[in-house]
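The values are calculated or read from the model by the stated rules, or taken from the named source; none is laboratory data. Remember, it's a predicted structure, so these values are computed and weren't measured experimentally. With ideal geometry, Cβ positions are generated from the backbone for all residues, glycine too; neighbour counts draw on all protein chains shown. The accessibility values were calculated without ligands, DNA or RNA, using every heavy atom of the protein model including side chains. Shrake-Rupley method; radii C 1.70, N 1.55, O 1.52, S 1.80 Å.
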Protein chains: 2
Amino acid sequence: MDTDEIEKFSRMFKALSNPGRLRILLELASCIPKEGFSGTQQEQENSQQNFAQCLGLAQSTVSHHFKELRQAGLLYMRRDGQKTIISVNFEALESIQKLLK
Amino acid sequence: MDTDEIEKFSRMFKALSNPGRLRILLELASCIPKEGFSGTQQEQENSQQNFAQCLGLAQSTVSHHFKELRQAGLLYMRRDGQKTIISVNFEALESIQKLLK
DNA sequence: TTCATACTTCGACATATTTCGATATATAAA
DNA sequence: TTTATATATCGAAATATGTCGAAGTATGAA
């Protein structure tokens with residue numbers, strides 16, 4: 001395994017090493033359909049404000065955590081009007097599973 | 001998932017978030033038989049000195065990394081004379097795999 | 001245009017991590 | 001007992017991370 005691969009994985013692990021971020025990712029992974037997401041009820045539940053409230057963190061902190069998860073390649077975000085569409089990169093999660101097998 | 005579980009997992013992820021530590025764990029996981037370890041050739045290969053040399057780190061740094069991996073519950077260490085017997089906690093690795101499934 | 005909503009960026013501060021060299025400890029060999 | 005080997009601990013320095021509040025940006029509604 002080369003240096004780039006190792007560093008890619010360690011970046012993903014670092015993103016998951018913060019309890020708030022891990023919670024966010026697990027929550028997203030458990031409630032977002034794999035194909036994409038454009039539901040109605042989940043929209044509100046996945047707002048940064050809601051995560052901030054649940055985790056007892058400021059909204060700016062949650063924004064920072066989303067950025068970290070995105071930069072680590074664990075999720076995708078795109079804007080659609082007022083909403084931010086989030087999708088989990090399940091391939092990345094699977095690559096971690098394989099690594100530890 | 002409760003707070004303790006989340007923190008246990010984030011501690012494991014943190015342990016894996018350093019490239020040197022990740023390398024160490026993967027190397028150990030790939031060369032140590034699951035039942036335990038008391039071979040001859042691998043003894044030398046698994047010495048801290050050898051890891052230090054391979055990773056370009058000081059021995060004290062590698063010792064610190066071993067401690068982190070142990071405290072995170074990812075491996076076990078016990079002394080047997082001059083040697084340190086290391087075994088990877090494969091159950092912990094499996095628990096991570098399940099978490100991300 | 002003005003307002004409300006959702007998210008990002010900035011600047012700052014406190015805390016944590018990484019790494020080292022030096023030193024200490026434990027064990028076995030000479 | 002002295003020496004060699006393997007690992008652990010200590011103290012310090014540089015860097016990174018987590019967190020906040022305040023201000024900025026983008027979008028849609030009134």
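Some observations on this one:
- Per the listing A:Leu25, A:Leu99, the residue uniquely at pLDDT 95 or above and in contact with a strand residue (DSSP E or B) (Cβ under 8 Å, 6 or more places away or on another chain) is A:Leu25.
- Selection status of B:Thr61, hydroxyl-bearing (Ser, Thr, Tyr) and touching a Lys or Arg at 6+ places or on another chain (Cβ under 9 Å): no
- Cross-chain or 6+ apart pairs with Cβ under 6 Å, the range A:70-95 first and within 14 Å of chain B (Cβ to nearest Cβ), then within 11 Å of DNA strand D (Cβ to nearest atom): A:Ala72/A:Arg11; A:Ala72/A:Ala15; A:Leu74/A:Ala15; A:Leu75/A:Leu69
- Some residue of the range A:29-40 being at pLDDT below 95, open to solvent by less than 20 Å² (accessible area, probe 1.4 Å) and part of a helix (DSSP H, G or I): no
Residues are listed down the side, and each one gets a yes or a no for (1) away from DNA strand D (no atom under 15 Å from the Cβ); (2) open to solvent by 90 Å² or more (accessible area, probe 1.4 Å):
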site: B:His65; (1), (2): no, no
site: B:Arg70; (1), (2): no, yes
site: B:Tyr76; (1), (2): no, yes
site: B:Arg79; (1), (2): no, yes
site: B:Thr84; (1), (2): no, no
site: B:Glu91; (1), (2): yes, yes
site: B:Ile96; (1), (2): yes, no
site: B:Lys101; (1), (2): yes, yes
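- Looking across the range B:4-19, just one residue is small (Gly, Ala, Ser) and open to solvent by 10 Å² or more (accessible area, probe 1.4 Å), and that is B:Ser17.
- Selection count, the range B:44-58, where residues are surrounded by 14 or more Cβ atoms within 10 Å (Cβ to Cβ) and in a helix (DSSP H, G or I): 6
- Filter result for A:Phe90 (aromatic (Phe, Trp, Tyr), more than 19 Å from B:Lys14 (Cα to Cα) and at pLDDT 95 or above): yes
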